Amino acid sequence: MRVGSEAISKKLDRALGNWFWFKMAGDTHAMYHPSGISDHSPVSIQMRDKWPYRGRPFKFLNFWTENERFLLIVNQEWDKAHSGSPLVVIHKKLKCLKSHLRELCTRPDSKVKELRTFLHSVQQDMRSGV
């Protein structure tokens with residue numbers, strides 16, 4: 001080390017995290033505190049709450065409108081009375097409607113999946129001589 005104005009100063013203190021850390025700990029950041037009498041700066045890790053996984057987001061599928069029961073279900077759910085502010089009422093109605101729409105029918109690609117599974121089982125039966 002040199003003395004005086006020619007002194008070399010480098011920051012050696014670091015906080016590191018890998019992908020696993022960020023995946024498990026969520027959003028974090030490091031805060032560096034004044035070094036005080038030491039030549040090292042204390043580092044504290046601030047951890048924010050990690051939001052729990054809540055499943056896939058709801059997506060409205062246009063082909064639901066082609067089902068003959070669609071309007072009946074929407075009318076029944078929309079006519080139900082809920083308490084709260086207008087925004088809370090709309091939220092509750094949409095939340096109730098969501099579960100009924102999911103039960104209404106499956107996606108067309110899931111039908112293909114079912115048919116493919118059935119085909120494989122028939123082919124397996126044919127191979128085994130059943």
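The values are calculated or read from the model by the stated rules, or taken from the named source; none is laboratory data. These numbers were taken from a predicted model, which means no experiment stands behind them. All Cβ positions, glycine included, derive from the backbone under ideal geometry; neighbour counts span all protein chains shown.
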Fill in: Answer residue from segment 104-130, given it is modelled with pLDDT under 90 and either among the aromatic types (Phe, Trp, Tyr) or touching a helix residue (DSSP H, G or I) at 6+ places or on another chain (Cβ under 9 Å) (or both) and is surrounded by the most Cβ atoms within 10 Å (Cβ to Cβ) among those
105
Worksheet item: Quick check: anything in segment 72-85 of a type in the set (Asp, Glu) and modelled with pLDDT under 90?
Response: no
Worksheet entry | Some residue of segment 46-69 being at pLDDT below 85, touching a strand residue (DSSP E or B) at 6+ places or on another chain (Cβ under 6 Å) and surrounded by fewer than 10 Cβ atoms within 10 Å (Cβ to Cβ) | yes
